[in-house]
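Notes to accompany the following structure.
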Amino acid sequence: MALIGWIVSFIALFVGLALRQDMPVGGSGLLSALLIGLATLACPMLWRDKPLGISRGQRIVVALILLCATPMLLLPAA
């Protein structure tokens, strides 16, 4: 489980930093902030001792919510 956390953390961090560097689309600033937040939530080193009382299951659920809500951010506002 920790290996999956490291992989997701690095991918989200690098994609978030790349979006901040380029800014190719209109909502990329918000999207990059969400990806960097996802990288923080997925990093096993930061959450090893449950510093805020957040369990592993709660972090996984929040990470999945962030991933599933990403397409809604890219929809044009009506």
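Bear in mind that the values in this text are calculations on the coordinates, not laboratory data. Everything quoted here is computed from the prediction, not taken from an experiment. Cβ sites come from the backbone with ideal geometry, for glycine too, and all protein chains shown count toward neighbours.
For Cys68, Cys43, what's the fewest-to-most ordering of other Cβ within 10 Å of each Cβ? Result, fewest neighbours first: Cys68, Cys43. Spin-label pair Ile11-Arg48: with each label point 7 Å from Cα along the Cα-Cβ axis, the two points sit 2.4 nm from one another.
Using θ = phi - 60° in the Karplus curve 6.51 cos²θ - 1.76 cosθ + 1.60, the 3J(HN,Hα) couplings for the range 56-66 round to 5, x, 5, 5, 5, 5, 5, 5, 5, 5, 4 Hz; x is entered for Gly and Pro.
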